[in-house]
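Report on one structure; see the data block that follows.
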Amino acid sequence: LYLQDRRVWLTTSCIEISASTASQPSDFFNSRLIHGGQLLNGLAGPTVMNAAPFLSTTWFSADERATATAIASMLSYLGGACAFLVGPLVVPAPNGTSPLLASETSRTHIKDLIETVLYAEFGVVCLLFSATLAYFPPRPPLPPSVAAASQRLSYRRSFCRLLSNMRFLMIALAYAIPLGVFAGWSGVLDLILTPVHVSQVDAGWIGFWSIVGGCVVGIAMARFADFIRGMLKLILLLLFSGATLSSTWFTLTCLNSITHLPLTTVTLYASCILLGVFLNSSIPIFFELFVETVYPVPEGITCGVVTFLSNMFMGVLLFFLTFYHTELSWFNWCLPGSCLLSLLLILCFRESYDRLYLDVVVSV
């Protein structure tokens, strides 16, 4: 717990430094330190994203853990939802979807707006960093459950346990492949929707509502999992069945010249938002299933491995995008393919609840 507390302080420090470097206006900082700031932000990100299961185990009882994991993990995605709106609404898009004069004045105006957004982000990060330094207790006075008070494996034994556990590797791939593909796809959603004449602002609203809907549904599903235990696999099967259908619907809609499906704003909004809802809401359910499967491996190590895998698949996809960026229909087909593969992996997965067994049976 002490080490986790220090990692959180280090994480917020990295984020603050990265935000300060990104907000510098000179060409030197733009070409040099912004890359360093993004690297620091990337190093800090997994700690923040993976802290949810650790915090829920440390601070909440067995019948509240899934809900606490959902709320803590979804907060970071709400920040991403705000990013979908802040960018398009504050900074105009210099592409065919937004009327913009290609003058030096317009470029200067856009640069000033970008700097305003970056300085605002830097201010928010400084505020959060100060709050973390002021008050961040490592644990409650009394452990809320048997699992919270139990010993965890060492780092070396944890990695050996994870790499030798085929069930964990199966469910980790079921998480990493579709979520990594979806993260890369969401990052270039405005480029994907530009050929079908959807503006950057509309693409931002689609991304916003898909994340917000996923957060709401994810918390609701986690609360249901707290009430009726042992249903994590069934919940994931339902979510990924919906994700596979909605992603296929979106992909076929974009190929309306071949499929003759109606290409309207309503269909694009509905398919994209449903896809985001199904995939984003599965994140806290996956986190809980990971921890249950490999307990007593520490929660941070478990979720850190799967987050690394997800980022790796996203990076590979974006790497191919640098070479095949003129026509993006292949990118759309990666979504239903990854969701279907994940659905099959979840279907073959044999679930277990070792941590829940310790809390419910051993405590009694």
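What follows draws every value from the coordinates through simple rules; no lab data is involved. Computed from a predicted structure; not experimentally measured. A quick note on method: Cβ atoms are made from the backbone with ideal geometry, for glycine too, and the neighbour counts reach across all protein chains shown.
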(message) Need one word for the stretch 266-364: rounded, prolate or oblate. Basis is the Cα gyration tensor (sqrt eigenvalues a ≥ b ≥ c); a/c below 1.5 gives rounded, then a/b vs b/c decides.
(response) prolate
(request) Specify the inter-centroid distance of the stretch 64-81 and the stretch 181-211, based on alpha-carbon positions, in whole Å. (result) 22 Å
(request) Would you mind calculating the gained length between D63 and T267 on full extension (0.36 nm times residue separation, minus the Cα-Cα distance), in nm to one decimal? (result) 69.6 nm
(request) Kindly list the residues of the stretch 52-87 that lie in the label zone of R167, defined by a backbone N under 20 Å from the point 7 Å along the Cα-to-C-beta vector. (result) 66
(message) Per-residue counts of other Cβ atoms within 10 Å, averaged by peptide: what ranking do you get for 118-126, 206-214, highest first?
(response) 206-214, 118-126
(request) Give the calculated FRET efficiency between C348 and T108 to the nearest 0.05, with a Förster radius of 41 Å applied to their Cβ-Cβ distance. (result) 0.15
